[in-house]
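Take a look at the structure set out below.
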Amino acid sequence: MTAAVERPAATRHRPSTFALKQVMAITGVVFVAFTFIHMYGNLKVYWGRQALDGYATWLREVGYPLLPYKSVLWALRITLLVSLVAHVWAAVALWLRGRAARGKHRRRAMPRSMAWGARTMLPGGVWILIFVVVHLLDLTVGLIVAPESWAAQGPDGLIPAYDNLVASFSRPLMAAYYTFTMFVIAFHIWHGWRTLLQDWGITGRRIRVVWATIGALIALAIVLGNAAIPLLVLTGVIA
Ligand code: HEM
């Protein structure tokens, strides 16, 4: 039996690769939870203008007047932003370490399907990052659709989420961009979800199958729930 070779303390990574993977895992779970809940909220569009606008207004008013207007929303935004910075930082650090460790040698160390999934994680993550910026400028800041109506609302007015959404997705390119991105996100979640168990050191076959199935269902729900919206606007079903 060969003894485990430990790296000399001077060359040991700080933070450890294990810690970076835990950061990726925990912040990844935060995003999956957010994306799923957000998709559920988006489904209000099927109940019409008032339902979606009321939901957007509620997001700002929740806790008010006990808590300041928008304070819960800002807590959520800060959590997401901190998670995003940590997720991207850990991903880049792990990628750089992996590259340095491999040196000039390129060897396939995992099954072909897993290797393909892993290879798409970085470009997929960059795509999603760009999408989040475009999406915020489009539907939260309203820079692209209706800046004046969006910014003006206070505790008493409905947020024009429905009109903004319809205006945005009535542009074929934007609708196609959203729909395609939902597939990128679903794939990112599906693969990321599968790697979570490895990061947590869980190897049982049955639990891996159950876990992968849950991940696949979440990814599918996100694609079906979200990607249908731009397509239905484009075809005039939601107007
Ligand atoms: C077709 C799919 C989607 C639709 C129809 C949609 C719709 C919306 C709408 C209407 C808003 C504005 C809500 C408000 O300000 O009250 C919003 C905000 C937001 N969306 Fe989406 N969204 C979609 C997908 C996504 C995805 C996949 C993500 C994340 C990867 C995401 C992240 C966000 C974030 C971070 C906000 C800002 C929340 C805030 O701080 O106010 N959205 N979305």
Please indicate, with yes or no, whether at least one residue in the range 26-47 is of a type in the set (S, T, N, Q) and under 14 Å from LEU158 (Cα atoms).
no
Quickly run through the range 42-52 and pick out the residues that are surrounded by 17 or more Cβ atoms within 10 Å (Cβ to Cβ), more than 9 Å from the ligand (Cβ to nearest atom) and touching a residue at least 60 places away in the same chain (Cβ under 8 Å).
ARG49
Touching a His at 6+ places or on another chain (Cβ under 7 Å), more than 23 Å from ALA227 (Cβ to Cβ) and at pLDDT 90 or above - does that describe any residue in the range 55-68?
no
Looking at the range 75-90, can you tell me whether even one residue there is among the small types (Gly, Ala, Ser) and in a loop (DSSP other than H, G, I, E, B)?
no
Go through (1) of a type in the set (Gly, Ala, Ser); (2) at pLDDT below 95; (3) within 29 Å of GLY192 (Cα to Cα) and name the single condition ALA90 misses.
(2)
Exactly one condition in (1) at pLDDT 95 or above; (2) within 11 Å of the ligand (Cβ to nearest atom); (3) of a type outside the set (Asp, Glu) is not met by GLY142; state its number.
(1)
Positions within the range 195-219 being surrounded by 13 or more Cβ atoms within 10 Å (Cβ to Cβ) and under 17 Å from the mean Cα position of the chain (by Cα), in sequence order
THR195, LEU196, GLY215, ALA216, ILE218, ALA219
Is at least one residue of the range 189-202 small (Gly, Ala, Ser), in a helix (DSSP H, G or I) and farther than 20 Å from PHE18 by Cα?
no
Of the numbered conditions (1) closer than 15 Å to ALA167 by Cβ; (2) out of contact with any Ser or Thr (no Cβ under 6 Å at 6 or more places or on another chain); (3) at pLDDT below 90; (4) surrounded by 15 or more Cβ atoms within 10 Å (Cβ to Cβ), GLY117 fails exactly one; give the number of that condition.
(1)
Which members of the range 81-97 meet the condition of being within 13 Å of the chain's Cα centre (by Cα) and either in contact (Cβ under 8 Å) with a residue 60 or more places away in the chain or surrounded by 15 or more Cβ atoms within 10 Å (Cβ to Cβ) (or both)?
SER83, LEU84, HIS87, VAL88
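The values are calculated or read from the model by the stated rules, or taken from the named source; none is laboratory data. These figures come from a predicted structure and were not determined experimentally. Neighbour counts run over all protein chains shown; Cβ positions are idealised from the backbone, glycine included.
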